[in-house]
Amino acid sequence: MSDSPCLRTRDLWYEYDTAIPALNGVDLSIPDNAYLAIVGQNGSGKTTLVKHFNGLLKPTRGEVWIYDRSTESATVGELAHQVGYVFQNPDHQIFCATTREEIGFGPRNLGLTPEAVRARVDDALETFALTPYADTPPAVLGYGLRRKVSIAAVYAMRPKIFILDEPSIGLDWRSAQELMVLVDNLHAQGHTIILVSHDMRLVAEYTRQMLVMHEGEVLTYGPTEAVLCRTEQLEQAQIAPPQINRLARRLSDLGFDGRTLSVEAFCAAFGELWEEKT
Amino acid sequence: MSIISIDDLHYAYDPPLPGGEPIRVLCGIDLCMERGEFLSLMGPTGVGKTTLCMALNGLVPQATGGRIRGSVEVLGCDPRRTPVEALAARVGIVYQDPESQLFCTTVQDEVAFGPENLGIAAQEIEERVEWALNVVNMTSYGDRSPNQLSGGEKQRVALAASLAMMPEVLILDEPAASLDPLGRFQVFEAIGALCRQRRMTIVMVSHDAEHVAQFSDRVAVMWEGRLARVDAPSEIFFDRSLREQVGFAIPQVSALAMALNDRYGSTYRFTRLDEAEEALRRDLVKQQSSP
């Protein structure tokens, strides 16, 4: 991971047309090739924050930079080259007559040749196992499939930064696992991944950095393993760490490490505690 | 008497294009539920979970068309022949996508809409709205527009709107998917309490294995239009071949139990955090105090 940030905010405020600001003074620097989870309660400002990263929202006050460009003067279309945003609700982004057209829409607007667009669409259809639905109107597909279409459409744009807002919602377990493998690959290829999620198991298993939003502010931000152990702040944001971690904490009087985050680690610790006594 | 009784139910949607093949979704569903039972419905996308939910309140086939055979009985009515609005008072449904059911200008109106259409006295409507918003922890949002709410907050409002109807059967199609962890727990807990205290019968589609294990009496795993297995959580989550075939999430403590069993030859079968803590504590303490 290089040190130069791909994304920065300075004193970012945002107010919808209500009295309460949705973001109040967010200062943030996200390194290039980060694998970041943004967590927090419903209404804590997660989606509002990430909508600033692709220019869908412009700060009421403060500034946002993508690489070294301020979003102030940039259009959503210009930022789309760098930042791909997958909406929480796939129906907010789906509108074409066929899945193929839907996925091709973004690449076409990047000014690629028809051949290049076709190649990207075919690749996206295959990567997301959507080839059987290529000629189906995406609107008639089931929710999980519509989600896949919305992610595939962003994938076809090959943005440097991927923002996925609650990607596992509406996906079944197997599809969610498959999706995370794809996301992992994107990260390995050097993309920056920003994941808005409530699924702490997924956050613990995959992401490297974690940011906790609370009432429009950044409550804490750091390496995922470290943030998952900041009990006080997690409680304040009403976030429960993964079940295995809660179990290890409850059994810490017997010698388990309260920082345990995986079944594998718990299992090994159990073995050691057992052996110790025999 | 069963509250829900389904016998060899088959259903196919009409072909999307004229002259095409009908889409077979339900292929022989059998299910019996007693009053006050909490059943979770798990299984991959596209196996027919939502269609089955809609067959319970008559939207399938009344609003969707298609071909249906076999029998369905909910609260002694045949949902195919009972007007949807008559059944709506007794069988509540919360959809996957909250936006498909929100349309009023304030949260309060939204939650009051159902009871108002049941012809209930104004005073009682007010009480129900207050109660329902309290259950989903949205009391302070009564005057807000649903449009101004976040995804998870909208889902809470959709749930409150159904609760305010006080249905005897409540069908929930992934109602907690976009809620934050605490909100999700609160919703499950509220529904669990309705189930125990008011003997409400619950059918809930959920992929959240940890909450499913904590709150449901039985889990139905759906696969290719059928119920592959309907059983207690401790049976379902330890059925490896079923899991291999269907692919569904299991609680992290159950994954731990299996890992411990494989590695150390133990025979753990816990599905809930409390059970796991108790069993492991008991065994380790016994081990540590043995000479």
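Data overview
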read-out	value
Cα-projected label distance for A:E276 with B:R198, points at 7 Å along beta-carbon direction, nm	4.9 nm
Ellipticity estimate at 222 nm from DSSP helix runs (n ≥ 4, -39,500 (n - 2.57)) divided over the protein assembly as shown, nearest 500	-11500 deg cm²/dmol
DSSP-defined antiparallel bridges as percent of all bridges, the protein assembly as shown, nearest 5	55 percent
Within chain A, percent of DSSP bridges classed antiparallel, to nearest 5	55 percent
Area projected by the alpha carbon convex hull of the range A:4-159, averaged over all directions, nm²	10.2 nm²
Convex hull per residue volume in Å³, alpha carbons only, for the range B:179-291	130 Å³
Filter on A:K46/B:K154; A:K51/B:K49; A:K148/B:K154 - keep pairs with C-alpha separation over 21 Å	A:K51/B:K49; A:K148/B:K154
For the range B:98-139, average projected area of the Cα convex hull in nm²	3.0 nm²
Size descriptor, Kirkwood hydrodynamic radius, that averages inverse alpha-carbon separations across the range A:142-186, Å	10.8 Å
Neighbour-limited loop hits for GluC sites (Glu not before Pro), the range A:171-273 (at most 14 other Cβ within 10 Å; DSSP other than H, G, I, E, B)	none
Quotient of C-alpha Rg and 2.2 N^0.38 Å, computed over the range A:107-149	1.23
Geometric extent, Cα atoms of the protein assembly as shown - Rg, Dmax (angstrom)	24.4, 78
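Read-outs: derived from the displayed coordinates by stated rules, not from any lab. Worth saying up front: this structure is predicted, and the values here are computed from it rather than measured. Because the Cβ atoms are built from the backbone with ideal geometry, glycine has one as well, and the counts that use them run over all protein chains shown.
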